[in-house]
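A short write-up of the structure that comes next.
The values are calculated or read from the model by the stated rules, or taken from the named source; none is laboratory data. Given the structure is predicted, the values throughout are model-derived calculations rather than measurements. When we count neighbours, we look across all protein chains shown, and the Cβ atoms used for this are built from the backbone with ideal geometry, even at glycine. Note: areas computed on protein heavy atoms with side chains; ligands, DNA, RNA excluded. Shrake-Rupley method; radii C 1.70, N 1.55, O 1.52, S 1.80 Å.
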Amino acid sequence: RKFNYDNVYLRPASEAQARSVIELLRALVEHYAAHPQLLPEANTGHGTELRDAVTYVGGMTDRFACRQAVALLGWDVDRLPQGIDTRL
């Protein structure tokens, strides 16, 4: 267990990957909360934009989230998390 934490989960590359994923997901949530009209109608409510955005983004696949970041936010492909099948 200690080996896994030291050499897999907490190694610098893994921590950088985690920061990259968090940054991407936060940006998507903020975008959808600010533009709730982009959410599928089933995910929208009255005055619940942030919750609706979190719910929608939380249900995205990795590949779809990366595609949305590039398409909606102009996210640079080089900023996408590495090692996930994120081919656009």
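Give the residue, chosen from Y32, Y9, that is open to solvent by 40 Å² or more (accessible area, probe 1.4 Å) and hydroxyl-bearing (S, T, Y).
Y9
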Contacts under 7 angstrom Cβ, first residue in region 38-54 being open to solvent by 60 Å² or more (accessible area, probe 1.4 Å), partner of a type in the set (A, V, I, L, M) and modelled with pLDDT of 85 or more, 6 or more apart: E49/A33; L50/A33; V54/V29
